[in-house]
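J.: The structure is given below, and queries will be raised subsequently.
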Amino acid sequence: MAAPRRDTRGIVDAPGLFTRVRFRRRAPAEPLRPYVEHYWLIDWDLSEPYATHVVPHPCVNLVFQRYADRPGFGEVAGVGLELFAQKLAGRGRVCGVQFRPGGFRPLTPERTATDWTDRRLPLAAAFGPTDAAAAVLEPADEDARVAALDAFLTPLPRAGPRVLAQAELAMGLADRIRTDRTIRRVADFARAEGLSVRALQRLFAGYVGVSPKWVLLRYRVHEALERAASEAAVDWAALAAELGYSDQAHLVRDVTATVGVPPTAYVR
């Protein structure tokens, strides 16, 4: 299976973040890779506070975190609907698990993905009492932290065959939306996959946590922001057409609604 991706999609001002923190992605143990995109690890020791911003992906994260002013703890972070901001100060550490869209449901088969959407809940809400936060955050050695994440997750998933099959379908469809630039309309996509629009919407609600249209729009915005950050001059009209927008104005509205400023201001 492929190594963790190296792009910075979703991270606002990635160069600014990377000059202040140590950020890396690690692959999970082999049995977890059908469900887990990657682990993401951040450590910092700052003389001045810094606010990081992320345009969330359509996926659930487990976030083990320790800040200077509080002991370590773990959270389930559902799909975030808005721009996420986090203030970093002093010394701290985060060890995160980014699931594939649809990949978290097999770990909590009794709950639909929408139960977690736009919510950050204690780890115990999904897994009951656990000392996983200490096991993950305390080791000084990075490999030991990765091993602790593997050890916590490897007994999972707990789902039966039907949930696993539906999760696999949802993960495959979400990945198609992420990688296939010819997908422009949900109705056409559903038809091509042999599903009704309603069936596709139910699948995404139960296993991804957001609608297929939301996923399509979010990946478009990720691509637009990535291009804006990596290209010296962006032809916004051409990019809008490439991403399937009817015109440049629609792309500008989506980006502005997501990050709070128009694309040209974001580039500056």
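The values are calculated or read from the model by the stated rules, or taken from the named source; none is laboratory data. Note that the structure is a prediction, hence the values are computed from the model and not measured. FYI the Cβ positions are ideal-geometry reconstructions off the backbone, even for glycines, and counts take in every protein chain you see. We work out accessible area using only protein heavy atoms, side chains counted, and drop any ligands, DNA or RNA first. Shrake-Rupley method; radii C 1.70, N 1.55, O 1.52, S 1.80 Å.
J.: Looking only at segment 70-95, which residues are of a type in the set (Gly, Ala, Ser), touching a helix residue (DSSP H, G or I) at 6+ places or on another chain (Cβ under 9 Å) and surrounded by fewer than 23 Cβ atoms within 10 Å (Cβ to Cβ)?
T.: GLY72, GLY78
J.: How many residues does segment 209-268 contain that are at pLDDT below 90, small (Gly, Ala, Ser) and either assigned to a helix (DSSP H, G or I) or surrounded by 14 or more Cβ atoms within 10 Å (Cβ to Cβ) (or both)?
T.: 11
J.: Suppose we filter segment 21-43 for residues that are closer than 26 Å to VAL267 by Cα and either in contact with a helix residue (DSSP H, G or I) (Cβ under 6 Å, 6 or more places away or on another chain) or crowded, with 17+ Cβ neighbours inside 10 Å (or both); how many remain?
T.: The number of residues fulfilling the criteria is 4.
J.: Under 26 Å from GLU168 (Cα atoms) and modelled with pLDDT of 95 or more: which single residue out of ALA151, ALA135 fits that description?
T.: ALA151
J.: Related question: Please find, among ALA165, ALA170, ALA159, the residue that is open to solvent by less than 70 Å² (accessible area, probe 1.4 Å) and without any contact (Cβ under 8 Å) to a residue 24 or more places away in the chain.
T.: Answer to the selection: ALA165.
J.: Against the definition (on the phi < 0 side of the Ramachandran plot and crowded, with 20+ Cβ neighbours inside 10 Å), how does TYR67 come out, yes or no?
T.: Criteria not met by TYR67.
J.: Another question, then. Quickly run through segment 153-167 and pick out the residues that are over 14 Å from THR108 (Cβ atoms) and touching a helix residue (DSSP H, G or I) at 6+ places or on another chain (Cβ under 9 Å).
T.: Matches in segment 153-167: THR154 only.
J.: Go through (1) over 23 Å from TYR67 (Cβ atoms); (2) free of Cβ contacts under 8 Å to residues at least 60 places away in the same chain; (3) of a type outside the set (S, T, N, Q); (4) surrounded by fewer than 15 Cβ atoms within 10 Å (Cβ to Cβ) and name the single condition ASP175 misses.
T.: (2)
J.: Let me ask something additional. What are the pairs, 6+ residues apart or on separate chains, where a residue within segment 185-205 that is within 19 Å of THR112 (Cβ to Cβ) has its Cβ under 6 Å from a residue that is in a helix (DSSP H, G or I)?
T.: Every condition considered, the pairs that remain are VAL197/ALA187; VAL197/ALA190; LEU200/ALA190; LEU200/PRO212; LEU203/ALA170; PHE204/PRO212; ALA205/THR114.
J.: Further question on the same structure: Sort out for me the strands (runs of 3 or more DSSP E) sitting completely within segment 1-115 that have 3 or more residues that are in contact with a Phe, Trp or Tyr (Cβ under 9 Å, 6 or more places away or on another chain).
T.: Here the list reads 21-26, 36-45, 50-54, 61-67, 70-77, 91-99.
J.: Now, a different point. Which of (1) open to solvent by 10 Å² or more (accessible area, probe 1.4 Å); (2) over 27 Å from VAL210 (Cβ atoms) does THR112 not meet, given it meets every other one?
T.: (2)
J.: Would you please list the contacts, defined by Cβ atoms under 6 Å and residues six or more apart or on different chains, that run from a residue in segment 22-36 that is within 12 Å of ALA147 (Cβ to Cβ) to a residue that is open to solvent by less than 30 Å² (accessible area, probe 1.4 Å) and among the β-branched types (Val, Ile, Thr)?
T.: ARG26/VAL146; PRO28/VAL36
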